[in-house]
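See structure below.
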Amino acid sequence: MKEVLIIYYSQSGQLFDILKNVASTLSDEGVNITYHEILPQKEYPFPWKPDEFYNAFPETFLQIPTPLRKISPEVLKSNIPEGKPKYDLLILGYTVWYLSPSIPINSFLKSPEAKQLLSDTPVVTLSASRNMWIMAQEKMKRLLMENNAKLVGNIALVDRNLNHISVITIVHWLMGGKKTKMFGIFPKPGVADSEIETASRFGIPIKEALFKSDYSTLQNDLLRLGAVKVDPSLIATDIRGNMVFSKWSNFLIKKEGDKRAKALVYFKYYLLFAIWLIAPIVFIVFLFTYFPRYRNIQKEKAYYSSVALKLD
Ligand SMILES: Cc1cc2nc3c(=O)[nH]c(=O)nc-3n(C[C@H](O)[C@H](O)[C@H](O)COP(=O)(O)O)c2cc1C
């Protein structure tokens, strides 16, 4: 019997629906699937109030963990003989907050239980974000390495609408709590319903690799099914965003009470300015430098589509 553990944190349930669809084709008489939902002791709001949304930024970006509820002994399989990996495969479903893995996922990956579950275990990551997931996945690769886990596959599902359209519609979703068409005319926010449904196709190569106990070609098999589509125009925005977020988060974390609330108002205006003014400029620069940088861009696309980690 192959043992698979699906770990996730999803507020609206979108990510959970995707994971269930992947699991639908992975399930088999010879596969036992266990689910574990990560639950912070102090829950994050959904829908979000604007203040709470911005207030989550410093701790998210600085990857500061929050206490989580205990993992059940059944999930931890505390009764299994020592030295053996407890699960044959782990599927880690996460969402991206502020260009980083969300606080609950980061907190789990920094817990002693994560080491216990992940050490020497193959891991497939599955993210469902707006579209800025590339640097978050690089952080995820590091967190997995610190847990001695083996990243063998990655699936990154996003909102495929225009970047700025998805900014508008995600606000409607996250602050309103409903994944509906804003004013009845905007596209639905988040991962498209058709993509959520057809995510079931990813379970097939995962199951093959699981039974062969050979994951060497899994990422290429997933890529052939469209598991990752790197948008090269967003790489520079993500890298630049991380540089600026690093400054903001270190500044904001030192503030307390009213001072923090006031400073977060400036951050909010900066964020609007960055999204609506800086991001389009970065995009124009990307277009103008596309041909001279063509080979480099292809290399970047190949690297960010892979499960390799560049250590520098
Ligand atoms: C506080 C916060 C920050 C977010 N930041 C990003 C981001 O930097 N990049 C991105 O692509 N999506 C971002 N998202 C969207 C999430 O990745 C995710 O798609 C959305 O919250 C729905 O996830 P759910 O399954 O938990 O409901 C953010 C969401 C929240 C709540």
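Bear in mind that the values in this text are calculations on the coordinates, not laboratory data. As the structure is a prediction and not an experimental result, all values here were calculated from the model. Ideal geometry is used to build each Cβ from the backbone, glycine not excepted, and the neighbour counts take in all protein chains shown.
State, as an integer percentage, the relative contact order of the range 33-158 based on alpha-carbon contacts under 8 Å between residues 6 or more apart.
25
Amide H to amide H under 5 Å from W97: which residues, 5+ apart in sequence or cross-chain, H placed 1.01 Å off N in plane?
Those lying under 5 Å, H to H, from W97 are S102.
Holding the Cα-Cα limit at 31 Å, pick out from K110/K181; K110/K259; K179/K255; K139/K255; K49/K70; K188/K268 the pairs that are longer than that.
Long pairs (Cα-Cα over 31 Å): K110/K181; K179/K255.
Just to confirm the number: angle between the C-alpha axis of helix 294-305 and the first principal axis of the chain, 0 to 90 degrees, nearest 10?
50
Helix 14-26 sits at what angle to the longest principal axis of the chain, using alpha carbons and giving 0 to 90 degrees rounded to 10?
So the helix axis and the longest Cα principal axis differ by about 30 degrees.
Out of all DSSP beta bridges with both ends in the chain, state the antiparallel percent to the nearest 5.
Around 10 percent antiparallel, to the nearest 5.
Top mean-square fluctuation among L277, L143, L19, Gaussian network model of the chain, C-alpha springs under 10 Å?
Looking only at L277, L143, L19, the largest GNM fluctuation is found for L277.
Can you give the alpha-carbon Rg of the chain over 2.2 N^0.38 Å, where N counts its residues?
Working it through for the chain, the quotient is 1.00.
Mind listing the long-range amide H neighbours of H36? Cut-off is under 5 Å, sequence gap 5 or more, other chains count too, H placed in the peptide plane at 1.01 Å from N.
For H36, the qualifying residues are I6, I7, Y8.
Indicate the gyration tensor shape class of the range 265-312 (rounded, prolate or oblate), computed on the Cα atoms with a ≥ b ≥ c the square roots of the eigenvalues: a/c under 1.5 is rounded; otherwise a/b larger than b/c is prolate and the rest oblate.
Oblate, since a/c reaches 1.5 and b/c is not below a/b.
With contacts defined as alpha carbon pairs under 8 Å and 6 or more residues apart, what's the relative contact order of the chain in percent?
Rounded, it is 20 percent for the chain.
Provide the per-residue ³J(HN,Hα) series for the range 204-213, in order, calculated from phi with Karplus coefficients 6.51, -1.76, 1.60 and θ = phi - 60°, each as a whole number of Hz, with x at glycine and proline positions.
With the stated coefficients, the range 204-213 comes to 5, x, 5, 5, 4, 5, 4, 6, 7, 6 Hz.
Looking at the chain as a GNM with Cα springs under 10 Å, which of R201, R295, R142 has the largest mean-square fluctuation?
The residue with the greatest mean-square fluctuation here is R295.
Explain nothing, just compute: Karplus ³J(HN,Hα) = 6.51 cos²θ - 1.76 cosθ + 1.60, θ = phi - 60°, for every residue of the range 273-288 in order, whole Hz, x for Gly and Pro.
4, 5, 5, 8, 10, 6, 4, x, 5, 4, 5, 5, 4, 4, 4, 5
Let me understand the range 97-146 better: what is its radius of gyration from the alpha carbons, and its Dmax, in angstrom?
When restricted to the Cα atoms of the range 97-146, Rg and Dmax are 10.9, 31 Å.
Pulled fully out, how much extra length does the chain show between K70 and K49, if you take 0.36 nm times their separation in residues and subtract their Cα-Cα distance?
4.8 nm
If I build a Gaussian network model for the chain, linking alpha-carbon pairs within less than 10 angstrom, which residue out of V285, V171, V22 has the largest mean-square fluctuation?
V285
For L68, list long-range residues whose amide hydrogen, built 1.01 Å from N in the peptide plane, is under 5 Å from its own amide hydrogen.
When sequence neighbours closer than 5 places are left aside, the close amide H contacts are Q41.
Checking the a/c ratio against 1.5 first, then a/b against b/c, what shape does the Cα gyration tensor give for the range 149-250?
oblate
Shape verdict for the range 1-125, please, from the Cα gyration tensor: rounded (a/c under 1.5), prolate (a/b greater than b/c) or oblate.
prolate
Distance in nm between label sites at K268 and I168, each 7 Å beyond Cα in the beta-carbon direction?
So the label points at K268 and I168 sit 2.1 nm apart.
I'd like the Karplus ³J(HN,Hα) series for the range 247-259: coefficients 6.51, -1.76, 1.60, θ = phi - 60°, whole numbers in Hz, and an x wherever there's a Gly or Pro.
For the range 247-259, the Karplus curve yields 5, 4, 5, 5, 6, 6, 5, 7, 8, 10, x, 4, 5 Hz.
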